[in-house]
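The values are calculated or read from the model by the stated rules, or taken from the named source; none is laboratory data. These numbers come from a predicted model, not from an experiment. Cβ: placed from backbone, ideal geometry, glycine included. Neighbour counts: every protein chain shown.
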Amino acid sequence: MNRVIPGLFMVILWLLLLFAASPFLFWCALTIGTALALHEFFRMVGKTPGTGIRVLTVLTCLIPMLAAADGNPTEVLIGSYLALLGLILLTIFFYTRFTDALAFLTHSGFAVFYVTLCSAFLVLLRYVEDGSCWLLVLTVITAGSDTGAYYVGRTCGKKKLCPSISPGKTINGAIGGILAAMFSASLLGVFLLPEVGCLALALVAALLAFVGIAGDLTESIIKRGTGIKDSGTLLGGHGGILDRIDSLLVTAPLLYLLIFSGVI
């Protein structure tokens, strides 16, 4: 029940945000979620001396998401530069407060791109044609990949995928996850995106599932490097915000690129 109830709550909330909320309310919810994810990230890496500087750092890193309010990618790009500039100024101003100013600048700069900029692409996707449907398909791809990888890995997974990063992941599990993502996306696409075609959706799902595995391993690198099992406890048995969106973070920009460039 520690996982079931939070899981059901997340599914219902996500569906409401996608199909019942306006793009502005969607942006508001994701802005709050991104701020919490940033807090989790800096709690993990522990490079901010004091609560005041951490709050300023989170607010500065949040600028690309704030710039995504009206779905304009140019403004998100400008916001990313302003966030980087703000972090540079923070580092200079509070230089003597840091035990390792370079580590702070490196970690916070990574947070801008990995957490905030990638989260902003979820908002940008909401503004494209059939954006809610694409976001649901993307969610199904990442969830299907995780589920398929888990069950296939448990039943017939022997050879490890990246044992030094995540000992539980196997090559067979990854293949099973990609196949599950392809099937799930194709099935859902029949109802939500019939004009795209099952084959195109299956190929896109395979690519996104593959990249999603890299996103999952990215957070594993962070947790292994910091010695922390979960990014947080906000979602009960599901861990923290970052634990749930690690795959979405790196797949959302790629899906937006595929749509924006006319590939799909």
query: Residues in the stretch 97-113 that are hydroxyl-bearing (Ser, Thr, Tyr) and in a loop (DSSP other than H, G, I, E, B): how many?
result: 1
Residue 209 vs. criteria among the small types (Gly, Ala, Ser) and within 19 Å of residue 154 (Cα to Cα): yes
query: Which is under 20 Å from the mean Cα position of the chain (by Cα), assigned by TED's automatic domain parsing to the domain that holds residue 158 and over 25 Å from residue 31 (Cα atoms), of 178, 213, 245?
result: 178
Test: residue 143 is in contact with a Ser or Thr (Cβ under 7 Å, 6 or more places away or on another chain) and of a type in the set (A, V, I, L, M, F, W, C): no
query: Do you know which of the residues in the stretch 69-105 that are surrounded by fewer than 15 Cβ atoms within 10 Å (Cβ to Cβ) and polar (S, T, N, Q) is modelled with the lowest pLDDT?
result: 99
- request: Give the residues of the stretch 123-173 that are outside any loop (DSSP other than H, G, I, E, B) and of a type in the set (Asp, Glu), sorted by residue number.
  value: 146
- request: Give the number of residues within the stretch 9-19 that are exposed (fewer than 13 other Cβ atoms within 10 Å of the Cβ) and under 16 Å from residue 130 (Cβ atoms).
  value: 1
